[in-house]
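Below is one structure, written out as structure tokens, with a few remarks after it.
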Amino acid sequence: MLILLPPSEGKAEVGSGRRLDLDRLSLPGLNPVREEVLSALVALSAGPPETALTALGLGPGQHGEVRRNARLRQAATAPAGRIYTGVLYEALDLTSLPATAQRAAGRQVLVSSGLWGAVRLTDRIPPYRCPIGARLPGVGALPALWRRELGAALTEAAGRGPVLDLRSGAYAAAWTPRGELAERTLTVRVLHEREVDGVPVRSVVSHFNKATKGRLVRDLLLAGARPRTAGALVTTLRDLKYAVCEQESGPGRPRQVDVIVSEL
């Protein structure tokens, strides 16, 4: 099983180990584009701060993020599982997992990234800020750039097992599984159910969405889940006591499920 996660806007402030080495990252076929995006990001961040803030969609109080980007090649790194913070990664709480579950996370989880394309939780990267919607000079739209590269890499990473796609919309646009692989892919939407005037109402709420996805991955890792098909993955989620409603999807398209939560 391959699990695809979005990155987090929040990241650790500093790394703790050696400098970035692209050749040590997983999915080495992505390295030429990683180098292209990295060079553009560093050059942008080393220039006029206001220009970089605008291109990266940052606010006036985030000059520190720009300065940090400018030093990415010299910065200390840490495993991606420690670099990414925020609600989803706090709920996943990777470092508290047993060793066997942590090893499984290192094999099964890939994190989407506007800068790296995708990385494993064990890949050493520096803290950075490069959302998928960033406008980097000379690079063009990041989703379109990565779309040309991620197909082969992620298809190979998926192997013959199911894919649990938990990416947010902007990152999902950077790669869409096709054909037979799409039919092995399960996308998840988290809905918060509450009662309004005696009637159950379901809605998408960002905080519930991120926290639930983090807990869901954590529970799969703790259970040592090894579903062989998307259907078996749906069954596994139900066995783990998630309220799952499957939506209709056509041939050659990912299967879609709603996970219903009433409280965080």
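I'd like to verify something in the chain: which complete DSSP H helices, judged by Cα projection on the helix axis, reach 20 Å or more and average at least 0.0 on the Kyte-Doolittle scale? Working shown, then result.
Details: long enough: 31-46 (22 Å, 0.70); 142-158 (22 Å, 0.27); 206-223 (26 Å, -0.17).
Length and hydropathy pass: 31-46, 142-158.
Taking H placed 1.01 Å from N in the peptide plane, check which residues at least 5 places from Leu164 or on another chain put their amide H under 5 Å from its amide H.
Leu2, Ile3, Leu4, Leu186
Taking all protein chains as present, what is the carbon and sulfur share of the accessible area of region 165-237, in % to the nearest whole number, probe 1.4 Å?
Working: 1800 of 3550 Å².
Of the solvent-accessible surface of region 165-237, carbon and sulfur hold 51 percent.
Quick one: go through region 1-29 and flag any residue whose amide nitrogen is under 18 Å from the point 7 Å out along the Cα-to-Cβ line of Arg160.
It comes to 1-2, nothing else.
Using a 10 angstrom cutoff on alpha carbons, build the Gaussian network for the chain and name the most mobile of Ala105, Ala70, Ala152.
Taking springs between Cα atoms under 10 Å, the residue moving most is Ala152.
For Arg160, Arg82, give me the order by solvent-accessible area with a 1.4 Å probe, most accessible first, ignoring ligands, DNA and RNA.
Solvent-accessible surface, decreasing: Arg160, Arg82.
Which lysines, on any chain, are close to Lys241 with Cα under 19 Å apart, when same-chain ones fewer than 8 places away are left out?
The reachable lysines, counting only those whose Cα sits under 19 Å from Lys241, are Lys210, Lys213.
Among the aspartates and glutamates, select those whose C-alpha is under 18 Å from the C-alpha of Lys11, and discard any that sit fewer than 8 residues away in the same chain.
Within reach: Glu65, Glu90, Asp93, Asp123.
Accessible area per residue, 1.4 Å probe, Å², for region 54-201: what's the number? Don't skip to the answer; put the middle values down first.
Values: 6360 Å² over 148 residues.
Heavy-atom SASA per residue in region 54-201 reads 43 Å².
How much of Asp23 can a 1.4 Å solvent probe reach, expressed as accessible area in Å² and rounded to 10?
Surface accessible to solvent at Asp23 totals approximately 130 Å².
So what J values fall out for region 119-134 if you push phi through Karplus, 6.51 cos²θ - 1.76 cosθ + 1.60 with θ = phi - 60°, rounded to Hz, Gly and Pro as x?
Ordered by residue, 3J(HN,Hα) equals 9, 7, 4, 8, 5, 8, 9, x, x, 8, 9, 8, x, 4, x, 5 Hz.
Starting from the amide H of Ser26, placed 1.01 Å from N in the peptide plane, find each other amide H under 5 Å away whose residue is 5 or more places distant or on another chain.
Distant-sequence amide H within range of Ser26: Arg120.
Quick one: net charge of Ser8's neighbours, Cβ under 13 Å, K/R +1, D/E -1?
Here the charged neighbours net out to +4.
Which value in nm describes the separation of the simple spin-label points at Ala173 and Ser249, placed 7 Å from the Cα toward the beta carbon?
Those two pseudo-labels are separated by 2.0 nm.
Restricting the calculation to Cα positions, tell me the Rg (one decimal) and the Dmax (whole number) of region 101-182 in Å.
13.2, 41
Could you identify which residue out of Gly17, Gly61, Gly29 has the top mean-square fluctuation in a GNM of the chain using Cα springs shorter than 10 Å?
Greatest mean-square fluctuation among the candidates belongs to Gly61.
First compute the accessible area of region 59-98 with a 1.4 Å probe, then give the percent of it belonging to carbon and sulfur atoms.
53 percent
Stretched out fully, how many nm does the piece from Glu90 to Glu180 gain, at 0.36 nm a residue minus the Cα gap?
29.1 nm
With springs only between Cα atoms under 10 Å apart, run a GNM on the chain and tell me which of Gly117, Gly250, Gly106 wobbles the most.
Judging by the Gaussian network model, the answer is Gly250.
Take every DSSP beta bridge with both residues inside the chain and express the antiparallel ones as a percent of the total, to the nearest 5.
Looking only at bridges with both residues in the chain, the antiparallel portion is about 55 percent.
The values are calculated or read from the model by the stated rules, or taken from the named source; none is laboratory data. These numbers come from a predicted model, not from an experiment. Ideal geometry is used to build each Cβ from the backbone, glycine not excepted, and the neighbour counts take in all protein chains shown. Accessible surface areas use protein heavy atoms only, side chains included; no ligands, DNA or RNA. Shrake-Rupley method; radii C 1.70, N 1.55, O 1.52, S 1.80 Å.
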